[in-house]
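See below for the structure under consideration.
The values are calculated or read from the model by the stated rules, or taken from the named source; none is laboratory data. The structure displayed is predicted, hence computed values, not measured ones. For neighbour counting, all protein chains shown are included, and Cβ atoms are generated from backbone atoms with ideal geometry for every residue, glycine included.
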Ligand code: TYM
C-alpha cells in the first residue's frame, strides 16, 4: 500500500481552491492508501499569528477536515506540532539544502514581495520543512494543488541528496498527485489567477461561507463589457468565471453559457446568479457538517489525540533510522 502525505496551513477557513486542489483527493485516497493528513501549524508561524488565532485556526481546519469527509479511522489526521520529530528531520535536511536553491524558490520570492517587513529564515527554509513533513513518513504520493509543484521537486532533491550523501536507498521519490491527472489551480473571483486567503478581499469562497456571503462575493466578481465578436478568446477574468463554473456546475450549464458567450449574447449577471446558486448548493452540506462537528469538543480532542499517536509512531521510526544512518549512535 502506498503512503500518502499532505497538509494545509491553518491560516483561516478552507476555500474551494483547497478543496479541489487538495482535500477532494485526500478523501478519495483514504480508502486505498496509508494516509497521513496534517495541519501545518509550524509552517504558519512564518506570518506570526497570535496564540489565540493560531489555536482557533488549527481547530477550524481539523473540524473542516472531518466535515469534508476525512475519516480518522481510515486516515491519520494530526497536527504537525504534535510530531516534533518533523523538526529534527528538518534540521538534518537543512544541513544539505543550499542557500542558493532556497532563494530561487518561487514561493520565497513571492513572500518577499508580500511581506517585505518580515523576511524571516523560516520563509527561506519553508521547502525543507515541507520536505521533512513528507519524508518523515517516507511517502510516495502527495495530493496538492499546482502551486506546490516546485516544493515537491525540492523534496525529491533533498531526499535523493540524503540518499547519495550516506550511500543509502532510504527515502523514496514522492510525486505530486491529483486524481484528474493534472494538478489544478482554482482561480479567484477578483480577476486573480488563484483563489487564496492572501489574494485580496472577496477573492475566495469558503466551505464555511453562509449562502448570502457567497451570493455577494460572486455577484461582485470581476467581469467586462462582454464579447464584441463571435467566438472571441476569453480574457483572464472571464476565463476564471467559466473555470469556477466548470468545477461546481452541471456540464449543461457550462455549455449553455459558453454558447451564449460565443454568440455574444451572454449576460454576466445571469451567469453569476447561476454560479452563486451552484456554489451554494455545492457548499451547503459542508456548511451544515462544519456547524455540527464544531460543537463536539470531545470528538475533536479524541481525533487529535488518536492522530498524534499514530503519526508519532511512524515519525519516530524514521528518526531512529535516520539517526543511525547519519552516525548518531549511542555509547
Ligand atoms: P496551503 O495551506 O497554501 O494550501 C493547502 C492546499 O491547497 C492547495 N491550494 C490550491 N489548489 C488549487 N487552487 C488553488 N487556488 C489553491 N489554493 C491552495 C495547495 O496547493 C495545497 O495543496 N506548503 C503547503 C502546506 C504543506 C504541505 C506539506 C503540503 C506543508 N507541508 C507537505 C503537502 C505536503 C501550503 O502552504 O499549502
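General observations
- Among the residues of region 107-147, the ones that are part of a loop (DSSP other than H, G, I, E, B) and touching a residue at least 40 places away in the same chain (Cβ under 8 Å) come to 10 in all.
The rows are residues; the columns are (1) more than 8 Å from the ligand (Cβ to nearest atom); (2) over 14 Å from the mean Cα position of the chain (by Cα).
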{"residue": "6", "(1), (2)": "no, no"}
{"residue": "11", "(1), (2)": "no, no"}
{"residue": "21", "(1), (2)": "no, no"}
{"residue": "25", "(1), (2)": "yes, no"}
{"residue": "31", "(1), (2)": "yes, yes"}
{"residue": "39", "(1), (2)": "yes, no"}
{"residue": "45", "(1), (2)": "yes, yes"}
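- Helices (runs of 4 or more DSSP H) fully within region 15-106 counting 2 or more residues that are surrounded by fewer than 17 Cβ atoms within 10 Å (Cβ to Cβ): 51-68, 85-94, 99-103
- The residues of region 1-14 that are crowded, with 23+ Cβ neighbours inside 10 Å and assigned to a strand (DSSP E or B), listed by number, are 4, 5, 6, 7.
- Which listed residue, of 120, 181, 167, 160, is farther than 27 Å from residue 309 by Cα, more than 13 Å from the ligand (Cβ to nearest atom) and at pLDDT below 95: 181
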